Amino acid sequence: MSKIIWLRILFLLCVIALFSGCVEDNKEEGLVIAGSTTVQPIVVKAVEVYGKNNPDLRIGVQGGGSGTGIRMVGKGSVDIGASSRELSTEEHLKNPGLVTHSIAIDCLIITLHPTNPIEDLSTQQITDIFAGKITNFKEVGGPDRRIVLVIREDGSGTRSTFENMVMNNTEVSDTALQKPANGAIRFTIAGNENTIGYLGIGYIDDTVKAISINGIPPSKENIRKGEYLLSRELYLVTDGEPTGETKKFIEFILSDEGQILVEEEGFISMR
Amino acid sequence: MDKENKIEVRNLNLWYGDKQALKNNSIKIRKNHVTAIIGPSGCGKSTFIRCLNRMNDLVEGVKITGEVSINNKNIYDKDVDVVSLRRRVGMVFQKPNPFPMTIFDNVAYGPRIHGIKDKKKLQEIVEKSLKDTTLWNEVSDRLDKSALDLSGGQMQRLCIARTIAVKPDVLLFDEPCSALDPVATGKIEDLIQELKKEYTIVIVTHNMQQAARVSDYTGYFLLGELIEFGKTKQLFENPKEKSTEDYITGRFG
Amino acid sequence: MGKRLNLENTIRGILLLFSTAALVILAIIVVFLFKEGLMLFQHTSVTDFLFGHKWIPAENIYGAFPFIVSTILVTLGALLISVPLGISCAVFLVEISPRWARELVRPAIELLAGIPSIIYGVFALIIVVDVLRVPFNLATGETILAASIILAIMILPIIISISQDSIDSVPRIYREGSYAMGATDWQTISKVVVPSARRGIIAGVILGCGRAIGETMAVVLVIGNVEKLPLSLLDSGETLTSAILLEMGEAVIGSLHYNALFCLGIIPFLIVLVLSMLSSRLITKRVSRFE
Amino acid sequence: MIHPNTSDKIAKIWLWLSALSIILVLLSILGYVFIMGAGSLSVSFILDMPTNNWREGGILPAIIGSLLVVIIALSFATPIGVGAAIYLTEFTKEGRLTKTVRIAADSLNAIPSIVFGLFGLAFFVFYLKDYTGGPSLLSAGLTLGFMILPTIIRTSDVAMRTVSFSEKMESYGLGATKLQTIKNIVLPEAFPGIITGIILGMGRAIGETAPIIFMVSLNPVIPKTIFGSGNTLTTQLYYLAMEGISMDVAFGTALTLITIILILNYSARKMNNYFSRNLRR
């Protein structure tokens, strides 16, 4: 008979589980943010801190990439879109009401394995390397190593930023390893001395080596001044001027406190 | 030792775990004769015959003492290679068990595993073995067909052909006809008569008429013990033991 | 009385509904997969999609041929490793393993089947990729071979368990027949047991094959994700599934790119469906044949 | 030619090695995860909130996310799966329907997990957005529920078909109705099999990443409703490893995951042994 009791308990558990979700108020989240994975660390960090001061506010953070973020905010599915690039003309035309808010400066930094002695590459050399015209580091004054390119995946905002700035309509070589995230790029570069890739500044650490472009090193000064080739701004996008919770949240990120978080995540603040 | 004796069993005991299945049996099996082993179900007759080619080694938890000499060599000695022993002592089972392959491959199985690769030689062996088992005329046109499509009697004769293809000394039959109809049984019995010219044959059967028909010597087993052993004719017509008489007259079993 | 029958009929109705759930779900999946995927073909022809060598979403060029070839190579590589190993292990468990070894190996296989694919992936990314690079003198260890190795490990449990069932059900009399001819254990295994069990073993291999084609997480981490047509196991590549995982995160919803990724999903979906039906047919036939 | 006995020995060595290699592979994977993860695994790791963008602190939100997702998946798949099995074994004869359902279940079982991911995205996240809340824990749970349904159908089906015919007949003979027989004889007898199926499904739901990867977020808060987004141990592990956030936390998560799977595996075994012993009595 004990088996029947077991069965009843099981059944009961199922029913409880089924309704536990529904019993709680199923109001949607107060604030939903979606989009660029590059911007995500800043947003998550901001939510972490902001949420402590506003325990009643429910904030949802989703990835999806810059394009999805912009599209979703345009459709009204989310309150804030996160983007690592400016709106394209097409996107502007589709949703003229979209407003962008610069919240931080990011920079793609050309990165090598720490044992690679190369310190500097010219824009042309970088273009040729990523186009697959230069296939060995000795052609650019480095050691005799076959070059392995490490790039972001198709569709990535980071990738299109890089290609717009450096590749001027040359296609990136199809032998490049594609990674879905900055961290994966860093991991690959750190583990293989043949690699070259680009990383957001927030991801540079001592497992990889950042190099200068055209003689300009990737210092904070150079980046903020826009002299290092690959600097860009990161945006939050809203449909129309923000109001209510949306406005408060963006103001928080732009505040001194928020900008400290930006720096903590390795990006460069707007100030 | 008598030259005519092919197999000599001395004081053979066998246990399955704690259960003793064979009790101190001794028997002498003569060359080029058919020896039948009869007895009621569970009397140990199958277990006994399986001792003669050490098939019982495959069963877990079996313990055997005593001696089984074939050609004056104890097959339970440490230096005996079981594989070559079984090649010399072939066995045909109760249920026809051709392998799920072609008729040709079934017969050629033994020669192949013993190292014959030459195609022509294999063909010769297969043909001779099938002829010896009177199967050749029935299957010569479909050697490349699956053996599983044969009738039960054909399958059993195929198994015999498979066994003699490796030219053993001794053939063991473990109730070879119990799954067959009377016609097929008759064919197998004729075959056994034919085969004894070349082989020493031991056949286990629960069918007394069969034992009387095919064998020269008969042993009667009861509860793991060899009760009586002698010339078939004598054992059936004039049994020495009461229990043998009871059995062959059908009073039990 | 009428009340009871009513209740019984209601319950019967509900249960009937439940029993068709698998079928209904399968249908919904087909509908949504094709609804999103087939939109691609308003822009790209099926031939261009299947045999095109270039995959450039930024320019709306969608040729999946390199992905298809990678998927085939990865799967073949995985089978090359796991089939001999898996069958051997199944044979070991049924035919020669002592009890204690069986009780060690069986749970190990179950556990191997239970480890999440993401953990296999992380393990392969850190260990296998590195181990491969030096001996083969590769520029990068992120190759089809690396993916094949980790996939081989992942599909071993399937191949072993199904082969094992099949070998186990080979009738004892076949083995006895072979032993009685003076065959050694190995001759019996290799010439009688395994050939008799081949249907089930093939079914297991087919299922394993399906799993290898569909596996994503472990593959995406180690295969390199290179859109070039791979020519050997030592090239990097990108499988159908890894392309989906890699790009779906940033593909703009409702775009052609998004549709193309659904199309990539349709291919392994259809292949695996066919393979699964094939293997279940093999398994049922085997059963009916032995009985 | 090599003597058969020699090749027999060589072959046996190979067979032993093949089994040994399986053990070694398992041990190296488990050992590796254990060595890398043991340092960060602790009670507070499991029960604390993450801080500093997942780099420090615990993984409580992911654990709760996994739990919720699995509960949703099971509460969908268990009643339907067991119900389907009851219908197949008790209410209908072997025939076209049973065959079709079994083939459908097997096909469903074989579908690549990433295809479930695509499907979940199109169906639950977009098509049923108004009911599921878009990329929510509910969407993830239901996707996984779809995925483990065949496991539960098939194991329950097998378990119920092994219930002895004579006991069923006895029950009918005593005048029991069909429902009473199912309730009093079939379900209790098949219970260990059903439970094993549920635990198997649970293990699969907990371990899957690809089907739900497009529906989760890295939000470091405890999910308050199943209509909101959250993440699970597997998806978190993927992000931690991919974004290179913290390998320590990543391996701590991996070890937590493996421990849960080990416990489930073990309890499935024990449960089965326990019940089958009790049943035989």
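Determine which member of the set C:Ile201, C:Ile167, C:Ile153, C:Ile159 is under 20 Å from C:Thr284 (Cβ atoms) and within 13 Å of the chain's Cα centre (by Cα). Can you show your working first?
Numbers: C:Ile201 fails: within 13 Å of the chain's Cα centre (by Cα); C:Ile167 fails: within 13 Å of the chain's Cα centre (by Cα); C:Ile153 fails: under 20 Å from C:Thr284 (Cβ atoms).
Just a single option satisfies the conditions, and that option is C:Ile159.
For segment A:135-158, enumerate the residues that are of a type in the set (Val, Ile, Thr) and assigned to a helix (DSSP H, G or I).
The initial filter retains those residues of segment A:135-158 that are of a type in the set (Val, Ile, Thr), namely A:135, A:140, A:147-148, A:150-151, A:158.
Answer for segment A:135-158, where residues must be of a type in the set (Val, Ile, Thr) and assigned to a helix (DSSP H, G or I): A:Val140, A:Thr158.
Inside segment B:139-192, can you point out the residues that are outside any helix (DSSP H, G or I), closer than 17 Å to B:Met91 by Cα and among the charged types (D, E, K, R)? First the steps, then the outcome.
As a first pass, look at segment B:139-192 and keep what is outside any helix (DSSP H, G or I): B:143-146, B:150-151, B:165-181.
Next, from what is left, pick out any that are closer than 17 Å to B:Met91 by Cα: B:165-179.
Passing the criteria: B:Lys167, B:Asp169, B:Asp174, B:Glu175.
Condition first: in contact with a His (Cβ under 9 Å, 6 or more places away or on another chain) and over 21 Å from A:Thr158 (Cα atoms). Now tell me which residues in segment A:212-271 satisfy that.
A:Pro242, A:Ile250, A:Ile253, A:Leu254
Within 12 Å of chain D (Cβ to nearest Cβ) and either at pLDDT below 95 or not in a helix (DSSP H, G or I) (or both) - does that describe any residue in segment C:131-151? Full working, then the answer.
Here is the first cut: in segment C:131-151, the residues within 12 Å of chain D (Cβ to nearest Cβ) are C:131, C:149-150.
After this cut, where a residue has to be either at pLDDT below 95 or not in a helix (DSSP H, G or I) (or both) as well, the list is C:131.
Looking for residues that are within 12 Å of chain D (Cβ to nearest Cβ) and either at pLDDT below 95 or not in a helix (DSSP H, G or I) (or both), one finds at least one in segment C:131-151, hence yes.
Let's see how each residue does on (1) hydroxyl-bearing (Ser, Thr, Tyr); (2) in contact with a Pro (Cβ under 6 Å, 6 or more places away or on another chain); (3) part of a helix (DSSP H, G or I):
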position: C:Lys191; (1), (2), (3): no, no, yes
position: C:Ala203; (1), (2), (3): no, no, yes
position: C:Val226; (1), (2), (3): no, no, no
position: C:Leu229; (1), (2), (3): no, yes, no
position: C:Leu234; (1), (2), (3): no, no, no
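So, D:Lys178, is that one basic (Lys, Arg), within 12 Å of chain C (Cβ to nearest Cβ) and open to solvent by 40 Å² or more (accessible area, probe 1.4 Å) or not? I'd like the intermediate steps shown before the answer.
Working: basic (Lys, Arg): yes; within 12 Å of chain C (Cβ to nearest Cβ): yes; open to solvent by 40 Å² or more (accessible area, probe 1.4 Å): yes.
It is true that D:Lys178 is basic (Lys, Arg), within 12 Å of chain C (Cβ to nearest Cβ) and open to solvent by 40 Å² or more (accessible area, probe 1.4 Å).
Scan segment A:141-153 for residues that are surrounded by fewer than 23 Cβ atoms within 10 Å (Cβ to Cβ) and charged (D, E, K, R) and jot them down.
Once the filter is applied, which keeps residues that are surrounded by fewer than 23 Cβ atoms within 10 Å (Cβ to Cβ) and charged (D, E, K, R), segment A:141-153 yields A:Asp144, A:Arg145, A:Arg146.
Identify all residues within segment B:104-125 that are under 17 Å from C:Ser178 (Cβ atoms) and assigned to a helix (DSSP H, G or I); write none if there are none.
To start, the set of residues in segment B:104-125 that are under 17 Å from C:Ser178 (Cβ atoms) comprises B:104-116.
Of everything in segment B:104-125, those that are under 17 Å from C:Ser178 (Cβ atoms) and assigned to a helix (DSSP H, G or I) turn out to be B:Phe104, B:Asp105, B:Asn106, B:Val107, B:Ala108, B:Tyr109, B:Gly110, B:Pro111, B:Arg112, B:Ile113.
Can you find, within segment D:116-133, the residue that is farthest from D:Val82 (Cα to Cα) among those that are away from chain C (no Cβ under 11 Å) and touching a Phe, Trp or Tyr at 6+ places or on another chain (Cβ under 8 Å)?
If we filter segment D:116-133 for residues that are away from chain C (no Cβ under 11 Å), which is where we start, we get D:129-133.
With touching a Phe, Trp or Tyr at 6+ places or on another chain (Cβ under 8 Å) added as a condition, the list becomes D:132-133.
Numbers: D:Thr132: 24, D:Gly133: 28 Å.
So the residue we want is D:Gly133.
Taking C:Val105 and the conditions (1) of a type in the set (A, V, I, L, M); (2) within 24 Å of D:Leu237 (Cα to Cα); (3) surrounded by fewer than 24 Cβ atoms within 10 Å (Cβ to Cβ); (4) facing chain D (nearest Cβ under 7 Å), which numbered condition does it fall short on, given that it satisfies the others?
All conditions are met except number (2).
Just to be sure I understand, how many residues within segment D:32-54 are out of contact with any strand residue (DSSP E or B) (no Cβ under 8 Å at 6 or more places or on another chain), of a type in the set (A, V, I, L, M) and within 14 Å of another protein chain (Cβ to nearest Cβ)?
The total comes to 3.
Among the residues of segment A:50-76, count how many are closer than 23 Å to C:Met248 by Cβ and either surrounded by fewer than 17 Cβ atoms within 10 Å (Cβ to Cβ) or in contact (Cβ under 8 Å) with a residue 40 or more places away in the chain (or both).
Of the residues in segment A:50-76, the ones closer than 23 Å to C:Met248 by Cβ are A:60-76.
Checking which are either surrounded by fewer than 17 Cβ atoms within 10 Å (Cβ to Cβ) or in contact (Cβ under 8 Å) with a residue 40 or more places away in the chain (or both) leaves us with A:65-67, A:69-70, A:73-76.
Within segment A:50-76, residues that are closer than 23 Å to C:Met248 by Cβ and either surrounded by fewer than 17 Cβ atoms within 10 Å (Cβ to Cβ) or in contact (Cβ under 8 Å) with a residue 40 or more places away in the chain (or both) number 9.
Taking segment B:92-125, which residues are of a type in the set (A, V, I, L, M) and surrounded by 24 or more Cβ atoms within 10 Å (Cβ to Cβ)? Step through it out loud before you land on a result.
Taking segment B:92-125 and keeping what is of a type in the set (A, V, I, L, M), we get B:92, B:101, B:103, B:107-108, B:113, B:116, B:122, B:125.
Once the filter is applied, which keeps residues that are of a type in the set (A, V, I, L, M) and surrounded by 24 or more Cβ atoms within 10 Å (Cβ to Cβ), segment B:92-125 yields B:Val92, B:Ile103, B:Val107.
Considering only residues that are among the basic types (Lys, Arg) and over 13 Å from B:Lys187 (Cβ atoms), which ones fall in segment B:141-169? Step through it out loud before you land on a result.
From segment B:141-169, those among the basic types (Lys, Arg) are B:142, B:145, B:157, B:162, B:167; that's our starting set.
Residues satisfying the conditions are B:Arg142, B:Lys145, B:Arg162, B:Lys167.
Being of a type in the set (A, V, I, L, M) and either surrounded by fewer than 14 Cβ atoms within 10 Å (Cβ to Cβ) or modelled with pLDDT under 90 (or both) narrows it down to one of B:Val89, B:Val80, B:Val9, B:Val34, so name that one. Outline the logic, then answer.
On the way: B:Val89 fails: either surrounded by fewer than 14 Cβ atoms within 10 Å (Cβ to Cβ) or modelled with pLDDT under 90 (or both); B:Val9 fails: either surrounded by fewer than 14 Cβ atoms within 10 Å (Cβ to Cβ) or modelled with pLDDT under 90 (or both); B:Val34 fails: either surrounded by fewer than 14 Cβ atoms within 10 Å (Cβ to Cβ) or modelled with pLDDT under 90 (or both).
Unique residue meeting the criteria: B:Val80.
Out of A:Ile250, A:Ile211, report the one residue that is open to solvent by less than 10 Å² (accessible area, probe 1.4 Å) and in contact with a Pro (Cβ under 7 Å, 6 or more places away or on another chain).
Details: A:Ile211 fails: in contact with a Pro (Cβ under 7 Å, 6 or more places away or on another chain).
Criteria check complete, one pass: A:Ile250.
Taking C:Gly177, is it outside any helix (DSSP H, G or I) and crowded, with 23+ Cβ neighbours inside 10 Å? Don't jump to the end; show me each part of the working.
Numbers: outside any helix (DSSP H, G or I): no; crowded, with 23+ Cβ neighbours inside 10 Å: yes.
Taking the combined requirement at face value, the residue does not satisfy it.
Return yes when B:Gln209 is outside any strand (DSSP E or B), out of contact with any Gly (no Cβ under 8 Å at 6 or more places or on another chain) and open to solvent by 60 Å² or more (accessible area, probe 1.4 Å) and no when it is not.
Details: outside any strand (DSSP E or B): yes; out of contact with any Gly (no Cβ under 8 Å at 6 or more places or on another chain): yes; open to solvent by 60 Å² or more (accessible area, probe 1.4 Å): yes.
Criteria met by B:Gln209.
Residue by residue through segment B:212-253, note down the ones that are without any contact (Cβ under 8 Å) to a residue 24 or more places away in the chain, in a strand (DSSP E or B) and under 22 Å from B:Leu195 (Cβ atoms).
If the condition is that a residue be without any contact (Cβ under 8 Å) to a residue 24 or more places away in the chain, in a strand (DSSP E or B) and under 22 Å from B:Leu195 (Cβ atoms), then B:Lys231 is the only one that fits.
Under the condition of being at the interface with another protein chain (Cβ under 9 Å from one of its Cβ atoms) and open to solvent by less than 50 Å² (accessible area, probe 1.4 Å), which residue from segment A:15-32 is modelled with the highest pLDDT?
Residue satisfying both the conditions and the ranking: A:Val32.
Give me a count of the residues in segment A:137-187 that are within 10 Å of another protein chain (Cβ to nearest Cβ) and over 14 Å from A:Leu108 (Cα atoms).
Number satisfying all stated conditions: 20.
For A:His113, state whether it is in contact (Cβ under 8 Å) with a residue 24 or more places away in the chain and open to solvent by 20 Å² or more (accessible area, probe 1.4 Å).
Working: in contact (Cβ under 8 Å) with a residue 24 or more places away in the chain: yes; open to solvent by 20 Å² or more (accessible area, probe 1.4 Å): yes.
The answer is yes for A:His113.
Using the structure shown, decide if C:Ala21 is under 26 Å from C:Glu142 (Cα atoms), within 28 Å of the chain's Cα centre (by Cα) and of a type outside the set (Phe, Trp, Tyr). Please lay out each step first, then the result.
Details: under 26 Å from C:Glu142 (Cα atoms): no; within 28 Å of the chain's Cα centre (by Cα): yes; of a type outside the set (Phe, Trp, Tyr): yes.
No; evaluated as a whole, the condition is false for this residue.
Just one of the numbered conditions (1) facing another protein chain (nearest Cβ under 8 Å); (2) surrounded by 17 or more Cβ atoms within 10 Å (Cβ to Cβ); (3) within 23 Å of C:Ile201 (Cα to Cα) is not true of C:Val94; which one?
(1)
Can you list the strands (runs of 3 or more DSSP E) lying wholly within segment B:1-101 that have 2 or more residues being within 19 Å of B:Phe221 (Cα to Cα) and without any contact (Cβ under 8 Å) to a residue 24 or more places away in the chain? Quick ask: steps written out before the conclusion?
On the way: elements: B:5-16, B:19-30, B:34-38, B:62-70, B:89-92.
It comes to none.
All but one of (1) open to solvent by 30 Å² or more (accessible area, probe 1.4 Å); (2) under 24 Å from C:Ile150 (Cα atoms) hold for C:Lys35; state the number of the condition that does not hold.
Answer for C:Lys35: the failing condition is (2).
The values are calculated or read from the model by the stated rules, or taken from the named source; none is laboratory data. Everything quoted here is computed from the prediction, not taken from an experiment. Virtual Cβ from ideal backbone geometry, glycine too; neighbours counted across all protein chains shown. Ligands, DNA and RNA are stripped out before the accessible areas are found, and what is left, the full protein with its side chains, is counted by its heavy atoms. Shrake-Rupley method; radii C 1.70, N 1.55, O 1.52, S 1.80 Å.
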